[in-house]
1. Report the full-extension gain for the segment Phe13 to Val80: residue separation times 0.36 nm, less the Cα-Cα distance, to one decimal in nm.
2. At 7 Å along Cα-to-Cβ for each site, give me the label-to-label distance between Ser36 and Leu66 in nm.
3. Taking the simple approach of a point 7 Å from Cα along Cα-to-Cβ for both Leu47 and Arg29, what is their distance in nm?
4. Give the accessible surface of region 35-98 per residue, rounded to a whole number of Å², with probe radius 1.4 Å and ligands, DNA and RNA excluded.
5. Of the listed values [x] 1.40; [y] 1.03; [z] 0.97, identify the label whose number matches Rg/Rh (Cα atoms, Kirkwood Rh) calculated from this model.
6. Remind me, relative contact order of the chain in percent, using alpha carbon pairs under 8 angstrom and six or more residues apart?
7. Which loop-located GluC sites (Glu not before Pro) does region 22-65 contain, where loop means any DSSP state but H, G, I, E or B and the Cβ has at most 14 other Cβ atoms within 10 Å?
8. For the chain, what does the helix formula give at 222 nm: sum of -39500 (n - 2.57) over DSSP H segments with n ≥ 4, over the residue count, nearest 500 deg cm²/dmol?
Amino acid sequence: MLITIPALFLGLFLGIVKGVFDYRIRERRGRLFGVSTTRFFLSIPDLFLIIALQLLIMEGYEAGLLPHISVYGADQLSVVILDIIFLAIYPLFYIAMC
């Protein structure tokens, strides 16, 4: 429950924000970041996004752009926050499409 409830609320809130953004930008030039981005992220499997984000975090640490963030484990706050973000990915884009 420590991970699921915050992830659902985060996904719900950010999904509504992304849906409103998609609606407002649908007639402008910057439509690339609108509905097409939402459809793209809905079509990619979640596991691929999770692995890509973890690799991005690790590469950012290697390049010196990010502080050390543990992506594996159970007892660290960074792992719990990453799990909440990973679990909120699909509801975010699903709610944005509705």
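1. Gain on extension, Phe13 to Val80, equals 22.2 nm.
2. For Ser36 paired with Leu66, the spin-label model returns 2.7 nm.
3. 4.2
4. Averaged over the residues of region 35-98, the accessible area is 68 Å².
5. [y]
6. Computed value for the chain: 53 percent relative contact order.
7. Glu27
8. Rounded to the nearest 500, the figure is -23500 deg cm²/dmol.
The values are calculated or read from the model by the stated rules, or taken from the named source; none is laboratory data. As the structure is a prediction and not an experimental result, all values here were calculated from the model. In this analysis, Cβ positions are derived from the backbone assuming ideal geometry, glycine residues included, and neighbour counts consider all displayed protein chains. For accessibility, only protein heavy atoms count, side chains too; no ligands or nucleic acids. Shrake-Rupley method; radii C 1.70, N 1.55, O 1.52, S 1.80 Å.
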